């Protein structure tokens, strides 16, 4: 893979496109940092979330866990309230 600066791409666009047609791949740099790739292959399609399957999975989860989670939250809130009262921050 060849490296290519933005300045080179700007000055030699036609020859870079010819090289791409021949199958060459370039790593594009701007200010010394890689910012992208030029290649003949098409990018892979963006994967989208399958929300229907996700919500179906959520429905299959045991309901008892949700109740236990609420109990844990309430216990945490009680501890914080007691701590605040002990420090005198709350009446």
What is the spread of the Cα atoms of region 2-48 along each of their three principal axes, largest first, in whole Å? 37, 26, 15
Hey, what's the Kirkwood Rh for the chain if you take every pair of different alpha carbons, in angstrom? 19.4
For 44-50, 55-61, ranked highest to lowest by mean beta-carbon neighbours within 10 Å, the order is 55-61, 44-50
Compute the Cα gyration tensor for region 36-85, then decide on rounded, prolate or oblate, letting a ≥ b ≥ c be the square roots of its eigenvalues: rounded whenever a/c is under 1.5, prolate when a/b is larger than b/c in the other cases, and oblate in all that remain. oblate
Per-residue ellipticity at 222 nm for the chain, helices alone: DSSP H runs ≥ 4 residues times -39500 (n - 2.57), over residue total, nearest 500 deg cm²/dmol? -17000 deg cm²/dmol
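Taken together, the values in this text are just the output of simple stated rules run on the coordinates, not laboratory data. Since the structure is predicted, the reported quantities are computational estimates derived from the model, not experimental observations. Backbone-built Cβ (ideal geometry, glycine too); neighbour counts: all protein chains shown.
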